[in-house]
Structures are given as C-alpha cells and as structure tokens.
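Participant: My questions all concern the structure below.
The values are calculated or read from the model by the stated rules, or taken from the named source; none is laboratory data. Source: prediction; values computed, not measured. Note that each Cβ is placed from the backbone with ideal geometry, even for glycine, and that neighbours are counted across all protein chains shown. Surface areas here come from the heavy atoms of the whole protein model, side chains and all, with no ligands, DNA or RNA. Shrake-Rupley method; radii C 1.70, N 1.55, O 1.52, S 1.80 Å.
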Amino acid sequence: MDPPKTLPARLYLLAYDPAKARLTARGRLGYVLRAAALAELLLGGHIEDAGGRPRAAARTPLPSDPVLAAVLDEIGQSRPRAWQHWVRRHSGAAKAAVAERLAAGGWIELQPRRVLGVVPVTRVVLREPPVLGRLGDRVRAALRATMPAASVEPRDAAMVALAAAGELSTVLPRAQRREHKQRIAELTEVTGPVAAALRKVLQQLKASAAGG
C-alpha cells in the first residue's frame, strides 16, 4: 500500500511508535495536524499568505479530502486571522478527523475499548507498517540530500519542517533535530509560514504550562 497523499495523514502516521504500538505526542498532535492541513492547502494553491494571514485563493476547486475542505471552509468564512489562530482552532478534533480518514483508507484500525471497564478509549493499530518506514525514509532523505532546500519535493520538505516543529521524536529524535538544525531551518523557510506558526503555538503552550 502506498503512503497517504495528504500531509495531515502523513504526520499522523509519523507520530506513531510501532515499537510501543501507540500514538505519541498526543498533547501536541492536534496542533501538528492542523498545521499540516494548512501547509497542504498552501501547497495546493487553495490558500495564500496575505500579510501574515491565510486567505482563501479565488476560484480554486474544493479539496477532495474532507479534512482539508473543512479547514478551507473555515478560513473562507472567517475574517482574516493569523496563522497561529488556525493552528489552534479545532486542534482537539483534528486527531479524530484524520484518524477516521486513515481508518477508512486501511492504513490504521481504530479499536474502541474501556480502561478498567469504565473509561472509553480508542486503540490505534497500524495496519501497514512498511508505509510508516517509507515516510520516515523520505524525511531522512530530505534532511541528508545535498540539493538546495528549494529543490526538495515540497511535501517532503513540509514533513521535515512540521515533524521538527512538532518535536515528533518517533521520526526526528532530539539528537537528529540538533544535528540537522541548519537543514531543518532551510526546509522550514521554503515550506512557508505554517511551520513557524506551529512552533510559536507550541512554545506558548509550554510557557503557559510552566507558568501556571
């Protein structure tokens, strides 16, 4: 099976730890997926940056993916707001929406169960482990490539930028993020404003948690 095409689906899978058979970065993942949706819409020409705010592009067809279509509709119906606003908005619902798409496509299985027989939770089971390996290979190849960052396949560049900003240690451990700091900065630059907005949102969340 081929990897999913959209960035939110790819970032969701990259947050999965096959050794522990569970999803990681769960406190951050919703923000990462919202940022991934914004980056996908930007790459597809559905939105554009207008003075530090996303704006729906004129006369572009609606994305076929319902997760992307919903984000685009939100932006189109709203007054101009900063990228960070859209990274935060509905972040809690993003995980479930992307998981449902991945389950429908056969990449994962969602298994409802109850902890202690009372608390309902959903176990995520990876059905196609080789897909996760291929996505990780693309991330590492983009990091190590000698070509200019602007020549890297755009979704690969965005995967690196978002995985680094979201601190997804399953694919980019801290040591690799430090080792490839300059390359990550270059790939973040060519990805556009989304990864930087994600980083700021997560920094603000950390600061709020530390202060209170």
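Participant: Being within 19 Å of residue 166 (Cα to Cα), at pLDDT 90 or above and surrounded by fewer than 17 Cβ atoms within 10 Å (Cβ to Cβ) is true for just one of 34, 22, 55. Which residue is that? If you could, list the steps in order and put the result at the bottom.
Facilitator: Values: 34 fails: surrounded by fewer than 17 Cβ atoms within 10 Å (Cβ to Cβ); 55 fails: within 19 Å of residue 166 (Cα to Cα).
On inspection, the qualifying residue turns out to be 22.
Participant: Which of the following residues is closer than 18 Å to residue 200 by Cβ and either assigned to a helix (DSSP H, G or I) or β-branched (Val, Ile, Thr) (or both): 34, 10?
Facilitator: On the way: 10 fails: closer than 18 Å to residue 200 by Cβ.
Answer to the check: 34.
Participant: Just to be sure before I move on: is residue 76 of a type in the set (Gly, Ala, Ser), part of a helix (DSSP H, G or I), touching a residue at least 40 places away in the same chain (Cβ under 8 Å) and open to solvent by 20 Å² or more (accessible area, probe 1.4 Å) in the structure I sent? Break it down stepwise before answering.
Facilitator: Values: of a type in the set (Gly, Ala, Ser): yes; part of a helix (DSSP H, G or I): yes; touching a residue at least 40 places away in the same chain (Cβ under 8 Å): no; open to solvent by 20 Å² or more (accessible area, probe 1.4 Å): yes.
Considered against the rule, which asks whether it is of a type in the set (Gly, Ala, Ser), part of a helix (DSSP H, G or I), touching a residue at least 40 places away in the same chain (Cβ under 8 Å) and open to solvent by 20 Å² or more (accessible area, probe 1.4 Å), residue 76 comes out as no.
Participant: Here's a follow-up. Condition first: assigned to a loop (DSSP other than H, G, I, E, B) and of a type in the set (Gly, Ala, Ser). Can you find one or more residues in segment 105-127 that meet it? Outline the logic, then answer.
Facilitator: Start the filter on segment 105-127 by keeping residues that are assigned to a loop (DSSP other than H, G, I, E, B), which leaves 106-107, 116-118, 127.
Next cut, of a type in the set (Gly, Ala, Ser) only: 106, 117.
Yes, that holds for at least one residue.
Participant: Would a scan of segment 25-35 turn up a residue that is of a type in the set (Gly, Ala, Ser) and closer than 21 Å to residue 79 by Cα?
Facilitator: yes
Participant: Please specify each residue of segment 196-212 satisfying the condition of being in a helix (DSSP H, G or I) and loosely packed, with under 14 Cβ neighbours inside 10 Å. Don't jump to the end; show me each part of the working.
Facilitator: Just the residues of segment 196-212 that are in a helix (DSSP H, G or I), to begin with: 196-211.
Of everything in segment 196-212, those that are in a helix (DSSP H, G or I) and loosely packed, with under 14 Cβ neighbours inside 10 Å turn out to be 203, 204, 206, 207, 208, 209, 210, 211.
Participant: Of the residues that make up segment 124-146, is at least one in contact with a strand residue (DSSP E or B) (Cβ under 7 Å, 6 or more places away or on another chain), open to solvent by 20 Å² or more (accessible area, probe 1.4 Å) and more than 25 Å from residue 100 (Cα to Cα)?
Facilitator: no
Participant: State whether one or more residues within segment 9-18 are farther than 18 Å from residue 164 by Cβ, surrounded by fewer than 24 Cβ atoms within 10 Å (Cβ to Cβ) and either hydrophobic (A, V, I, L, M, F, W, C) or touching a residue at least 12 places away in the same chain (Cβ under 8 Å) (or both). Don't jump to the end; show me each part of the working.
Facilitator: At the first step, the residues of segment 9-18 found to be farther than 18 Å from residue 164 by Cβ are 9, 18.
Next, from what is left, pick out any that are surrounded by fewer than 24 Cβ atoms within 10 Å (Cβ to Cβ): 18.
Checking which are either hydrophobic (A, V, I, L, M, F, W, C) or touching a residue at least 12 places away in the same chain (Cβ under 8 Å) (or both) leaves us with 18.
There is at least one residue in segment 9-18 that is farther than 18 Å from residue 164 by Cβ, surrounded by fewer than 24 Cβ atoms within 10 Å (Cβ to Cβ) and either hydrophobic (A, V, I, L, M, F, W, C) or touching a residue at least 12 places away in the same chain (Cβ under 8 Å) (or both).
Participant: Which residue is farthest from residue 130 (Cα to Cα), if the candidates are limited to segment 159-195 and must be in contact with a Phe, Trp or Tyr (Cβ under 8 Å, 6 or more places away or on another chain) and either modelled with pLDDT under 95 or not in a helix (DSSP H, G or I) (or both)?
Facilitator: Within segment 159-195, the first condition is being in contact with a Phe, Trp or Tyr (Cβ under 8 Å, 6 or more places away or on another chain), and the residues that meet it are 166, 170, 193-194.
Restricting the remaining residues to those that are either modelled with pLDDT under 95 or not in a helix (DSSP H, G or I) (or both) gives 166, 170, 193.
Numbers: 166: 23, 170: 15, 193: 31 Å.
For segment 159-195, the residue satisfying everything is 193.
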